[in-house]
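Written below as structure tokens is the structure these notes are about.
The values are calculated or read from the model by the stated rules, or taken from the named source; none is laboratory data. Quick caveat, the model's predicted, so the values are computed rather than measured. Note: ideal-geometry Cβ built from the backbone for every residue, glycine included; neighbour counts use all protein chains shown. SASA here: full protein model, heavy atoms, side chains in, ligands and nucleic acids out. Shrake-Rupley method; radii C 1.70, N 1.55, O 1.52, S 1.80 Å.
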Amino acid sequence: AQSVTQLGSHVSVSEGALVLLRCNYSSSVPPYLFWYVQYPNQGLQLLLKYTSAATLVKGINGFEAEFKKSETSFHLTKPSAHMSDAAEYFCAVSDRGGSQGNLIFGKGTKLSVKP
Amino acid sequence: DGGITQSPKYLFRKEGQNVTLSCEQNLNHDAMYWYRQDPGQGLRLIYYSQIVNDFQKGDIAEGYSVSREKKESFPLTVTSAQKNPTAFYLCASSPGLIRLAGYNEQFFGPGTRLTVL
């Protein structure tokens, strides 16, 4: 069975500091991996996805993530935090058709950005 | 503009009432999904539908019902059997298995916040 673990339900950084949100996955087959962002009282928006092309994936708003098979990780980073990055972030995993491609979501990490 | 719409944005329910949440998409997607979101619990799958006139239970289907009579619509009914329905409900769609090009990216609507009075 697939699963996703996001380490840290809350992360706080200063404006301009590095953002690092951690995601580890469990999957018996090579996975597809996604990061979504959710602003308060809104739906989820796709930030980036890993679909086995390049291991370093660049997304919107300056975010990127690196797929590391040996560590079963897909951590999300951004070199310099902006106040507008304050939101909740969800990591998700999908297998390659075994469960009809349904996504399994982590519990989310709420990012706060201090001025 | 293609996208997913959910209505209403806020919904209040009295004890013992059934309520229906609307979800419509004009992305020509085959698959549609309903999720429930509670603080600190991530997204939990209620029901999903890969094709018109067919749907499957997700992880927390008890107390909910759905229909998929049209490709673009996937309404969710929260019945009186759902004991704790206060939550944020999200609808999503994806191109689906028929057009699956290796992965199944989901697109989300803006959500409906349901509160039981």
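For the stretch A:20-33, which positions are at pLDDT 95 or above and closer than 25 Å to B:Gly111 by Cα?
A:Leu21, A:Cys23
Just to verify a result, which residue in the stretch B:84-106, among those that are more than 7 Å from every other protein chain (Cβ to nearest Cβ), open to solvent by 30 Å² or more (accessible area, probe 1.4 Å) and over 17 Å from B:Gln56 (Cβ atoms), is modelled with the highest pLDDT?
The extreme case among them is B:Thr86.
Can you tell me which residues in the stretch B:12-42 are open to solvent by less than 50 Å² (accessible area, probe 1.4 Å), in a strand (DSSP E or B) and more than 16 Å from B:Tyr64 (Cα to Cα)?
Across the stretch B:12-42, the qualifying residues are B:Gln25, B:Ala31.
Based on this model, can you work out whether A:Thr51 counts as free of Cβ contacts under 8 Å to residues at least 60 places away in the same chain and either away from chain B (no Cβ under 14 Å) or closer than 13 Å to A:Val4 by Cβ (or both)?
Considered against the rule, which asks whether it is free of Cβ contacts under 8 Å to residues at least 60 places away in the same chain and either away from chain B (no Cβ under 14 Å) or closer than 13 Å to A:Val4 by Cβ (or both), A:Thr51 comes out as no.
Checking the condition within 14 Å of chain A (Cβ to nearest Cβ), touching a Cys at 6+ places or on another chain (Cβ under 8 Å) and of a type outside the set (A, V, I, L, M), which residue from B:Gly109, B:Gly40 passes?
It is B:Gly109.
Please list, ordered by residue number, the strands (runs of 3 or more DSSP E) wholly in the stretch A:35-87 having 1 or more residues that are within 16 Å of A:Leu103 (Cα to Cα).
A:44-50, A:73-78
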